[in-house]
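This report concerns only the one structure given below.
Derivation of every value follows stated rules applied to the coordinates shown; laboratory data play no part. All of these numbers come straight from a predicted model, not from anything done at the bench. Here the Cβ is made from the backbone with ideal geometry for all residues, glycine too, and neighbour counts use every protein chain on show.
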Amino acid sequence: MSNVPADLKYTRSHEWIRTLADGTLEIGVTDHAQDALGDLVFVEVPEAGRTVKAGEACAVVESVKAASDVYAPVAGEVLAGNAQLAAQPDLVNSQPYGAGWLWRLKPAAGALAGVELLGAADYQKVLEAEAH
Amino acid sequence: MPQQEKVIFEYSTPGRGAEDQWPQDPGEAALADLPAQLRRAHPPQLPEVGELEAVRHFTRLSQLNFSIDTHFYPLGSCTMKYNPKACNQYAMLPQFLARHPLAPESSGQGFLECMHELQEMLKEVTGMRGVALSPMAGAHGEFAGVAMIRAYHRSRGDAARNEIIVPEAAHGTNPATATMCGCLVREIPVDAQGDVDLAALKAAVGPKTAGIMLTNPSTLGVFERHIAEVARIVHEAGGLLYYDGANLNAILGKVRPGDMGFDVIHMNLHKTFSTPHGGGGPGAGAVGVGERLLPFLPVPVVGRDGGGYRWLDESDLPQTIGRLSCFMGNAGVLLRAYIYMRLLGREGMRRVGEFATLNANYLLRRLTEAGFDAAYPQRRASHEFILTLKRQARDLNVTAMDFAKRLLDYGFHAPTTYFPLLVPECLLIEPTETESRETLDAFVTAMSQILKEASEEPGRVTSAPHTMPVRRLDDVRAARQLDLTWKPTAPS
C-alpha cells in the first residue's frame with residue numbers, strides 16, 4: 001500500500017500540497033504516482049516567477065514508460081522549481097514527499113478558497129477506487 | 001543462442017582492405033575548386049576490414065533482427081502486416097528505379113498514371129474528395145491535415161479558431177501535431193466503455209474550436225460508436241473533423257471516414273497499405289480531404305489533362321498550404337502501396353478489414369480464456385485489443401514489461417507495452433490479417449506458458465530475456481545517461 005501522509009492535502013490527479021510556515025505551498029507527486037510511473041528519467045519543473053492557473057500543466061515527469069504532466073492545484077506564482085531534480089530525477093521516486101518536491105507556489109489571493117483539495121483519508125479512497 | 005555482434009571498428013586491422021576496389025584518386029586538378037579550409041587534413045578513420053569480414057558482419061547484424069519476415073510482430077497501433085514480395089518486385093523495375101524526379105512529364109506518363117490511380121483508389125476507399133501523396137510519414141500527414149484546417153479557417157476570416165480537441169483515446173501524436181501547428185490542445189475524456197464523453201465534448205466546443213482529432217477505431221481498440229453525433233456537435237460549432245489513419249486497417253472496405261463526417265484524413269501507407277516500416281523510414285503519409293479543404297491540398301498532386309497526366313502546382317491550387325517535401329514524396333513507397341492495392345482490389349480490401357478484426361477477436365477470446373484480463377471486456381475488439389496485467393503485477397509482482405521481455409525468448413516480438421497510458425500495465429496487441437490461426441495459437445501457448453512461469457517461477461520472467469544476445473537492458477540508465485557514440489578503447 002502506498003504511503004499517504006496525514007498532514008498533506010491531495011488532488012485526484014495525484015499531486016500533494018504542503019502548506020509551509022509562511023503560507024506558501026510546496027507541491028509534488030504522491031508515492032502512488034511515482035510508483036505507477038516507475039523510475040523517472042527526466043523531470044521538468046516550472047521557472048520562478050511564472051504565474052499559473054489552477055489546473056494548468058506546470059511540470060513534466062517522465063519515466064521509461066510514460067511522460068505525464070503535473071498540474072497546479074491552485075492558482076498563484078511559482079517561487080521556485082526544485083533544481084536538484086535535473087540531475088537527480090530519482091529523488092521523486094525515493095523521497096516523493098521530501099527532497100523530491102517539484103515546485104513552491106505563492107497562492108493568488110483567495111485562490112485556496114476556490115479549490116477542493118482532498119484530505120489524506122479521502123485521497124486514500126481515490127486510490128482504493130482506482131485499484132478496482 | 002545468437003551472439004552479440006561486435007562494432008565493425010573492433011574488427012579493424014591496419015592496412016587491411018580491398019585497395020584495388022577503391023575509387024580512383026581524382027588528382028589535385030579535380031580538387032582545385034574545393035577551398036583549402038573545407039579539405040580534410042587527415043583521411044577519415046574508417047574501419048579496415050576485408051570484403052568477407054564486412055559481408056559477414058552485416059549479415060550477422062541482419063540475422064539479429066526481429067522482422068515480419070522472421071517473426072510474428074503483434075505491435076499494437078503499428079499494423080505490422082506482411083509486405084507481399086510482389087509489391088517490392090514491381091516497384092524495383094528499372095524503369096521506375098531509374099526515373100529522375102525532374103524528368104519531363106512527357107517521359108514519365110506511366111509513373112504519373114500509377115500515382116493518379118493511387119490517388120483515385122485512396123479517395124474511393126476513404127470516401128474523400130481529394131488526395132495528396134507528398135507527406136513523407138504519418139506525423140507529416142498529420143501536420144499537413146491540421147495546417148489545412150487552419151488555412152481553411154483563415155480563408156474565412158475566422159483565424160481565432162486555434163483550439164484542437166483531442167480525446168484521451170486519440171493517437172499519441174495528435175497533441176504534438178496540434179501544438180506544432182500553433183494550436184492549443186483541449187483534452188476530453190472517454191467514458192468507461194471507451195467512447196468519447198459527449199457531455200465533455202459539448203462543453204469543450206465553441207467559437208475557438210478549430211477541429212477535433214480522432215482515430216476510429218480508437219487507440220483503445222474499440223470503434224467509436226457516437227461518431228455521427230461527434231461529427232454533428234463539432235460541425236455545428238464551426239470546427240472540422242480530422243481522422244488519424246493509424247487504425248484504418250480495421251475498417252478498410254467496410255466503413256469510410258468520409259461517410260462518418262470527417263473532413264480530412266492522413267493514411268499511413270506503411271501500415272494499412274503494406275509498405276515496409278519499422279526501420280525509421282522511408283514512409284508515406286498521404287492526406288485525403290473533403291469538399292471544404294480541396295483548395296488547400298499540399299502540392300504537387302497529379303492531375304489529368306485530356307489524355308495525359310501532369311503535376312498540379314501552386315498555379316493550379318493558389319490556396320495550397322504549399323510543398324512539404326522534395327519533389328512529390330517517397331516514390332518507391334507510393335509505388336509499393338499502389339501495387340498492393342491493385343493486387344487486392346476492392347473485394348480484397350474488404351477482406352483485410354474483416355480478417356484483421358477476426359484475428360484480433362479470436363486472439364482476445366483465447367487469451368481471456370487463458371486467464372488474461374481484457375481492458376474493455378464488454379466491447380468487441382477492432383483490429384487490436386488491450387490486455388491489462390494489473391492483476392498479475394499486483395498478485396505476482398510480474399509486470400507487462402516482464403511478459404514482453406519473456407515473449408522474445410519464445411520467438412515473438414513483444415506487443416506494444418504501456419500504451420495507451422489510460423490503461424495500467426497494458427499490452428496493446430494487433431495480430432493483423434496476414435497471420436495464420438496456427439501462429440495465433442502458438443502466441444496464446446507462449447502467453448499461457450509465461451503466465452504459468454509467473455506464478456511458479458517468477459524470477460524466470462522478471463529476469464528475461466535469457467536467449468537474446470543481450471539480457472535485460474537497464475533502460476533507466478540508458479535514458480538518464482544517453483551515449484550513442486562508440487569510442488575506441490586505447491590499445492593496451
Least to most buried among B:143, B:412 (fewest other Cβ within 10 Å first): B:412, B:143
Sites residue B:397 and residue B:226, calculated FRET efficiency, Cβ-Cβ separation with R0 41 Å, nearest 0.05: 0.55
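Report, in debye and to the nearest 20, how large the dipole of the protein assembly as shown comes out about its Cα centre when Lys and Arg carry +1 and Asp and Glu carry -1 on their Cβ.
On the way: 58 positive and 73 negative charges, 165 e Å.
Rounded to the nearest 20 debye, it is 800 debye.
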Dipole axis of chain B (+1 Lys, Arg; -1 Asp, Glu on Cβ), positive-most option in B:177, B:15, B:219: B:219
Pairs beyond 19 Å (Cα-Cα), from B:81/B:390; A:125/B:202; B:85/B:123; A:65/B:452; A:9/A:125: B:81/B:390; A:125/B:202; B:85/B:123; A:65/B:452
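To the nearest 0.05, what FRET efficiency results for residue B:92 and residue B:441 with a Förster distance of 35 Å applied to their C-beta separation?
Numbers: r = 35 Å, r/R0 = 1.00.
After rounding to 0.05, the efficiency reads 0.50.
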Check: the stretch B:86-344 dipole with +1 on Lys, Arg Cβ and -1 on Asp, Glu Cβ, in debye: 240 debye
The stretch B:231-389 pair-distance distribution - Cα-Cα, 5 Å bins, rounded %: 1, 8, 12, 15, 17, 16, 13, 8, 4, 3, 1, 1, 0
Nitroxide proxy distance, nm - points 7 Å out along Cα→Cβ at residue A:84 and residue B:355: 5.9 nm
Antiparallel bridges, percent of DSSP beta bridges restricted to the protein assembly as shown (to nearest 5): 75 percent
Whether the protein assembly as shown is rounded, prolate or oblate, judged on the alpha carbon gyration tensor where a/c under 1.5 counts as rounded: rounded
Positive-pole candidate from B:87, B:47, B:57, dipole of the stretch B:1-132, charges at beta carbon: B:87
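Among B:209, B:439, B:445, B:272, which comes first, then next, by fewest other beta-carbon atoms within 10 Å? Could the numbers behind the result be given before it?
Working: B:209 21, B:439 17, B:445 13, B:272 28.
Ascending number of Cβ neighbours within 10 Å: B:445, B:439, B:209, B:272.
For every helix of n ≥ 4 consecutive DSSP H residues, a contribution of -39,500 (n - 2.57) applies; sum these over chain B, divide by its total residues, and give [θ] at 222 nm rounded to the nearest 500 deg cm²/dmol.
Details: 16 runs with 179 residues, N = 492.
When only DSSP H runs of four or more count, the value is -11000 deg cm²/dmol.
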Spatially proximal lysines relative to residue B:487 (Cα-Cα < 27 Å; intrachain offsets below 8 disregarded): B:6
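Rounded to the nearest 0.05, what FRET efficiency is calculated for residue B:20 and residue A:20 with R0 set to 56 Å and r the Cβ-Cβ distance?
0.15
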Modelled label reach - residue B:155, point 7 Å along Cα→Cβ, the stretch B:275-313 residues with backbone N closer than 17 Å: B:287-302, B:312-313
Gain upon complete extension [residue B:106, residue B:457; 0.36 nm per residue less C-alpha separation]: 119.5 nm
